[in-house]
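Nothing in this text is a laboratory measurement; each read-out follows from the coordinates by a stated rule. No experiment lies behind these values; they were computed from the predicted model shown. Cβ coordinates were reconstructed from backbone atoms using ideal geometry, including for glycine residues, and neighbour counts include every protein chain displayed.
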């Protein structure tokens with residue numbers, strides 16, 4: 001499985017990748033993007049099976065990335081990993097077609113709980 | 001957000017800081033009243049725009065440079081973090097704290113992107129600033145929240161399609 005991790009912080013991309021391993025999802029190919037625009041390009045060239053994305057990013061936000069993705073007919077499973085976990089944002093994420101939202105700071109258990117139905121360990 | 005309301009949230013802000021540090025650094029963090037020691041420190045700043053009252057809160061995380069380097073090592077799994085790594089790691093700690101402060105305080109608001117740097121300037125000393133501090137690995141970390149109007153140096157993420165654009169004057 002190929003997983004696209006999108007976050008403008010290199011530290012957070014590394015934490016997400018490490019947390020995936022800690023949650024039992026090791027051995028997957030990880031592709032990284034720094035913002036939504038770069039991520040959109042990587043979706044075309046890399047065809048990831050799962051996308052984990054921050055919300056607040058320069059160039060293109062995570063929610064705009066998701067909306068552009070769905071508007072193009074791409075249905076790749078998409079999960080937000082963001083520091084803002086308000087009900088308003090969860091509703092926006094749901095409406096745009098995200099699987100859900102993991103709020104930072106997170107634990108490996110939180111990843112396992114949300115990813116369990118969509119990612120094979 | 002009124003100053004009095006902000007001061008009432010000190011306990012929540014302290015819990016938030018402890019949760020961020022404990023989870024991200026995988027180390028126990030405890031509340032302290034001690035100031036940050038003098039010397040170089042890594043500082044992450046960002047702002048929250050309350051779109052209902054059209055007011056701003058600055059959220060800042062300050063960490064002594066030795067602990068900031070340890071944080072970068074832990075967060076990025078590197079033995080010898082570069083200055084860019086330290087700034088990125090502390091910026092992300094600020095981003096996580098800022099996002100959680102936003103979720104705690106506001107319904108309709110926007111969060112700027114964090115800016116981080118290394119300096120030795122003291123934090124805001126104004127009366128309206130709320131400071132909470134935690135001790136982790138024997139060193140002090142400070143979270144401060146300050147009502148402000150000085151947001152010109154901050155970068156705001158682009159508006160989503162269909163969103164109001166009343167922040168564009170500040171970009």
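Just a few scattered comments:
- Dividing the helix sum by the residues of chain A, where each DSSP H run of 4 or more adds -39500 (n - 2.57), gives a mean residue ellipticity at 222 nm of -13000 deg cm²/dmol.
- Rel. contact order, % - alpha carbon contacts under 8 angstrom, at least six apart, chain B: 31 percent
- Relative contact order (percent, whole number), the stretch A:2-115, Cα cutoff 8 Å, 6+ residue spacing: 26 percent
- Built from the Cα atoms of the protein assembly as shown, the convex hull projects on average onto 14.6 nm², one quarter of its surface area.
- Spin-label pair residue A:21/residue A:49, simplified geometry with 7 Å Cα→Cβ offset, distance in nm: 1.9 nm
- By the count of other C-beta atoms within 10 Å, a proxy for reagent exposure, A:67, B:41 are ordered fewest to most as A:67, B:41.
- Between 0 and 90°, nearest 10: helix B:65-76 axis offset from chain B longest Cα axis: 80 degrees
- Along its first, second and third principal axes, ordered by size, chain A spans 33, 32, 27 Å in Cα coordinates.
- If you run the Gaussian network model on chain B, springs between alpha carbon atoms under 10 Å, then out of B:39, B:94, B:64 the most flexible one is B:39.
- Degrees between helix B:10-25 axis and first principal axis of chain B (Cα, 0 to 90, nearest 10): 50 degrees
- Among B:119, B:152, a tally of other beta-carbon atoms within 10 Å of each Cβ gives an order, fewest to most, of B:152, B:119.
- Here B:54, A:54, A:8, B:12 are placed in order of increasing Cβ neighbour count within 10 Å, fewest first, which gives B:54, B:12, A:8, A:54.
- Helix B:83-105 and the longest principal axis of the Cα set of chain B meet at an angle near 50°.
- Between residue B:152 and residue B:33, the contour length at 0.36 nm per residue exceeds the alpha carbon distance by 39.7 nm.
- Potential lengthening of the chain between residue A:29 and residue A:88 amounts to 18.0 nm, from the contour at 0.36 nm per residue minus the alpha-carbon distance.
- CD proxy at 222 nm, helix term only [per DSSP H run n ≥ 4: -39500 (n - 2.57); per residue of chain B; nearest 500]: -11000 deg cm²/dmol
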